[in-house]
Amino acid sequence: MKDKDKDKLNNELTGLLVDEKEDRSIRARLWYLWRLLWRDKAGLIGLLVFLTIIFCAISATILAPHDPLKQDLYASRQPPAWTEEGSSEHILGTDNLGRDIFSRIIYGSRVSIMVGFLGVSMAFTLGIMIGLIAGFKGGRTDNVIMTLTNMVLALPYLVFVVFIAAVLGRSLLNVVLIFGLTDIPIFVRVTRGEVLRLREEGYIEAAISIGQKTPAIIFKHIMPNLLGPLVTLATFEMSAMIFYEAGLGFLGLSVPPTVPSWGNMLAEGRQYLTVYPWMSIYPGLAIVITGFSMNLFGDWLRDALDPRLRRMKK
Amino acid sequence: MKPLLSVKNLSTRFDTFDGSVYAVNDVNFDLNPGETLAVVGESGSGKSVTMLSLLGLLSGSKEVTGSAFFSTAGLDMDLLAISKTELNRLRGNRISIIFQDALRSLNPVMTVGEQISESLLTHREREERNAEIKEEAGRLRGSKVSKAFQSTLRSFNPVMTVGEQISETLRTHKGYNRKSAYRRAIELLEMVGISQPDKRYYSYPHMFSGGMRQRAMIAIAISCTPDILIADEPTTALDVTIQAQIIDLTKRLQQELGMAVIWITHDLGVVAGLADRVMVMYGGTGVETAPVDRLYESPCHPYTAGLLGAIPNIAEDGGDRLISIEGAPPDLYQEPRHCQFAWRCPYVFERCWKEIPRGYTVSEGHVAKCFYDMQNNQPRTGVQNSG
Amino acid sequence: MDKLIRVENITKHFDLKSSFISLGSAAAVKAVDDISFDVYKNETLGLVGESGCGKSTLGRVILRLIEPTSGSVFYEDINVNLLKPEELRRFRTKMQIVFQDSYSSLNPRHKVGEIIAEPMTIHTDMSRREIRERILELLSLVGLKAGHASRFPHEFSGGQRQRINIARTLALYPSFIVCDEPISALDVSIQAQVVNLLKDLQKKLGITYLFIAHDLSMVKHISDRIAVMYLGKIMELATSRELFINPLHPYTQSLISAIPIPDPKKERLRKPIVLEGEVPSPVNPPSGCVFHTRCPVAGDLCSQEIPEYCEIGPNHFVSCHYAGERRAAEINYL
């Protein structure tokens, strides 16, 4: 029998022995998560805002009232709709080329979410792999990996990122690569730390004592316990990346100026800050709200995934 | 003689996310001056929470009801009714508490650490401690806590030297100045059998071994010559030979200082040589209270009898089975409506499921909360205690 | 009697971790120091000692969960220390361990059924049905219900979790089980349940136990023979009856005298030998007999010469210069 089959068997097997009285279905667990979320209103708000932003990014073409790239010099520098000079045509006003700010913010969310999501996915995957190797191999391998990791972490982060961005040039792919690579050390460190902690757990020793194979120990016993802290870390890192991407954009080092992104909008609005503040304020707000909501959500996730805090009531 | 401490109808309930935890339910006991009362029970029986409730050391969402009259020279007050400030003044001064050293993570009992003077506790630590108590209650349910909790609490502040911590207590409660506090601290360290006290004064807690830490803790506890010393499982984390040292020390100090001692433990063996009276706790209530000889000679509650049977007798050869109490402790999330031991009791009958036993006086000072007369193999009839 | 396990001159030193640039030679914790003994078939050998005496390390070295610094362990005629990794992995079915920490030794994310099935899926080609039946059999053997298989470990109390642990170790019919303080984290009434279970299983399945504990009274109840450890060495080894009637080593004598008796009248008459001081650091153990710093009857010889570990009576081993000559206390229980 192959290992995969055996695992499948294990799952089915326990399914056969289900105690009918107990309701431990997926629905019950979701209901529990929902109760946790409802109790922590901040986390709920965070999640809702975050979902809204993702929704905006996905359906930007439908949601945006205008083409974000369409210039209309006759309608340039219009203030938001609720001011005297504003028009209901452009809710948040227009920039110096007459582009609709609201539409640009909606489209800008695509860049932010893409950078955050892809960057984190990259750092997450590579970080776990390297961290597992460091934590499991130990000895010299561990020393080399950790020394490298610490060296990268010791570099002044922003200067480093700016340098790479300047060398590689402006494109979405480059930005994702920059964030993905520079964030790996953080995931490596956390993974390695968790692996070292988990290796001390009794059930790992128990698995060794019943003669379990090393790959099976990693995938059956260590990985599932790693996911909790790492997923939580990922949310925080994602919000950090969204911030940094905006920062790079502001410095003119992120995506090309033709692409609507929050950072680029900030950069363009900078010279008009005192005269036409709405050009910078609203993209700025979008950045703050996104980061804030993800931090709230991350806090909740950390609580929800911590087995110490998990207490299910029948 | 008026008891030093008279606890009546003490109940403590925690409100948690999962519902109410009925941790202590109607506990009654008296403590006379100079005597040793042992409180025996398993994890979650409410023995520690009882003491923490009396000292106002529980925080968070909880409700404590009942009364606890503390009367000694010039003092006569209800611990549960006085203000926090007044309680602060008593604690560490007239009533001291020593805890099990929280070095081991997996003891059968709650590891509650605490600076002797509560002012040293940061808010965060207090919250952690409370979380532990709740977790402990949860663990009892058997279904609540998924992981063994590791106590991060130490009974000492790790960044203060042991000597400073003793001086601190003296200065807080007795108004000692720096110099006299130092002198007294050295004296106390010597009293609890720590060699080279003048050097040890400047040691940090982690430099002490478990036994020495416990000695230092006792030094803090007796620094103000309290009327009551509450010892919460002080020897559970220690080795047998060290345990014998600490018990010896406590006995000696009790005689020298004439204080009353409440010794909380799960070990009936230790109790036999230590206590004058014993209260056995189960499911948050004192199920049997008796003078120590009476309790071991003729236990009147099936739980006490079971506990005694579960201890192997070293005077006999092994081979026979131990008497074990089948089943697991009660679910504290349920409000008690009948005898909490009914699920595991070999003598259970109809009445046990219908009402909560309030206690029968079996003989002088011997009260058992059980409807069944084990000696005569029949249900009890007489009048129950009023409360 | 047939020997099942033979422990020969096992020594385990843990090097204290030196920093990146180490100065001088690193110190070592001498956890286990040149220990030899046999475990007979179908017996329970108790291993007692205070915390830090190396008893848990010894248990793990025997199972080769920790590699010894020197010495070998034989299972019947197999030298366990010569097995290659893959051979060792397969061999593990013969020797099992029950851990002290029943909370951490079960993976919180696996259901009980999966936990018990794990050894079978690794080592056998049993069919689904066979595994299921075996799980039910094991559960009932340790006193749990069939329905418990689909629950998670955190839904059980300490005693029940220890039963799950035992069920897992039994899955592949081991002949030798190391019980590493299996009851010390449990409540008194639950301890008795688990001890009774272990005894019943031994009777039914003919298993050999190495029962590690710090509680001498419980060890006496369950063991046929008892070994007393102090600072990485065996001080005394005898049948449990002999050890309690006629303890020859002062350390054993003081340990026995320190056991509280659950009877106030006898307890008041008990005169325990309270040992002075605490266990010395295993990094730097005392010269000569490691116990001499706390020994109430130590003489000049004790700090200079290491006492030989020898058979002083039939099946009664002791390591003391004054074995039986100088008594720390009269012990009279019987």
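Listing for the model above:
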{"quantity": "Residue within segment C:80-96 that is free of Cβ contacts under 8 Å to residues at least 24 places away in the same chain, surrounded by fewer than 23 Cβ atoms within 10 Å (Cβ to Cβ), more than 14 Å from chain A (Cβ to nearest Cβ) and among the hydrophobic types (A, V, I, L, M, F, W, C) present", "calculated": "yes"}
{"quantity": "For A:Ser109: the one exception among (1) under 28 Å from A:Gly249 (Cα atoms); (2) small (Gly, Ala, Ser); (3) more than 20 Å from the chain's Cα centre (by Cα)", "calculated": "(3)"}
{"quantity": "Only one of C:Asp77, C:Asp125 that is within 9 Å of another protein chain (Cβ to nearest Cβ), of a type outside the set (Phe, Trp, Tyr) and surrounded by fewer than 19 Cβ atoms within 10 Å (Cβ to Cβ)", "calculated": "C:Asp125"}
{"quantity": "Qualifying residue in segment C:151-163 (condition: more than 8 Å from chain B (Cβ to nearest Cβ), in a helix (DSSP H, G or I) and without any contact (Cβ under 8 Å) to a residue 40 or more places away in the chain)", "calculated": "yes"}
{"quantity": "Residue among B:Arg294, B:Arg215 that is of a type outside the set (A, V, I, L, M) and without any contact (Cβ under 8 Å) to a residue 40 or more places away in the chain", "calculated": "B:Arg215"}
{"quantity": "Residue selected from segment A:208-263 under the condition assigned to a helix (DSSP H, G or I) and polar (S, T, N, Q), by the criterion farthest from the other protein chains (Cβ to nearest Cβ)", "calculated": "A:Ser239"}
{"quantity": "Pairs, first in a strand (DSSP E or B) and modelled with pLDDT under 85 in segment B:231-255, second surrounded by fewer than 19 Cβ atoms within 10 Å (Cβ to Cβ) and among the charged types (D, E, K, R), C-beta under 9 Å, six or more apart", "calculated": "none"}
{"quantity": "Helices (runs of 4 or more DSSP H) completely within segment C:237-317 that count 2 or more residues being within 20 Å of the chain's Cα centre (by Cα) and buried (at least 19 other Cβ atoms within 10 Å of the Cβ)", "calculated": "C:240-245, C:250-257"}
{"quantity": "Residue tally, condition within 14 Å of another protein chain (Cβ to nearest Cβ) and over 30 Å from C:Asn284 (Cα atoms), over segment C:32-74", "calculated": "2"}
{"quantity": "In segment C:40-56, residue surrounded by the fewest Cβ atoms within 10 Å (Cβ to Cβ) [restricted to those that are in contact with a helix residue (DSSP H, G or I) (Cβ under 7 Å, 6 or more places away or on another chain) and among the aliphatic types (A, V, I, L, M)]", "calculated": "C:Val48"}
{"quantity": "Given (1) of a type outside the set (Phe, Trp, Tyr); (2) in a loop (DSSP other than H, G, I, E, B); (3) more than 14 Å from chain C (Cβ to nearest Cβ), number of the condition B:Ile314 does not satisfy", "calculated": "(3)"}
{"quantity": "The one condition in (1) at pLDDT 85 or above; (2) assigned to a loop (DSSP other than H, G, I, E, B); (3) exposed (fewer than 14 other Cβ atoms within 10 Å of the Cβ) that A:Glu20 fails to fulfil", "calculated": "(1)"}
{"quantity": "Top-ranked residue of segment B:241-256 - restricted to ones that are crowded, with 22+ Cβ neighbours inside 10 Å and facing chain C (nearest Cβ under 7 Å), ranked as nearest to C:Val228 (Cα to Cα)", "calculated": "B:Thr241"}
{"quantity": "Residue list for segment C:109-119, restricted to those being more than 7 Å from chain A (Cβ to nearest Cβ) and surrounded by 22 or more Cβ atoms within 10 Å (Cβ to Cβ)", "calculated": "C:Val112, C:Ile115, C:Ile116"}
{"quantity": "In segment B:366-387, the residues that are modelled with pLDDT of 90 or more, not in a strand (DSSP E or B) and not basic (Lys, Arg)", "calculated": "B:Cys370, B:Phe371"}
{"quantity": "Helices (runs of 4 or more DSSP H) enclosed by segment C:25-131 - at least 2 residues per element that are within 19 Å of the chain's Cα centre (by Cα)", "calculated": "C:55-62"}
{"quantity": "Candidates C:Ser175, C:Ser105, filtered to the one that is of a type in the set (Ser, Thr, Tyr), within 14 Å of chain B (Cβ to nearest Cβ) and within 30 Å of C:Ile5 (Cα to Cα)", "calculated": "C:Ser105"}
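Conditions (1) in contact with a strand residue (DSSP E or B) (Cβ under 9 Å, 6 or more places away or on another chain); (2) among the basic types (Lys, Arg); (3) surrounded by 23 or more Cβ atoms within 10 Å (Cβ to Cβ); (4) at the interface with chain C (Cβ under 8 Å from one of its Cβ atoms), marked per residue:
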| position | (1), (2), (3), (4) |
| --- | --- |
| B:Gly258 | no, no, no, no |
| B:Ile262 | yes, no, yes, no |
| B:Gly269 | no, no, no, yes |
| B:Asp276 | yes, no, no, no |
| B:Val287 | yes, no, yes, no |
| B:Arg294 | yes, yes, no, no |
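Matching residues to (1) over 25 Å from A:Val231 (Cα atoms); (2) surrounded by fewer than 18 Cβ atoms within 10 Å (Cβ to Cβ); (3) at pLDDT below 90:
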| site | (1), (2), (3) |
| --- | --- |
| A:Gln78 | yes, no, yes |
| A:Glu89 | yes, yes, yes |
| A:Phe102 | yes, no, no |
| A:Leu118 | no, no, no |
| A:Gly127 | no, no, no |
| A:Arg140 | yes, yes, yes |
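The values are calculated or read from the model by the stated rules, or taken from the named source; none is laboratory data. Just so it is clear, the structure is predicted and the values come from calculations on it, not from any experiment. Virtual Cβ from ideal backbone geometry, glycine too; neighbours counted across all protein chains shown.
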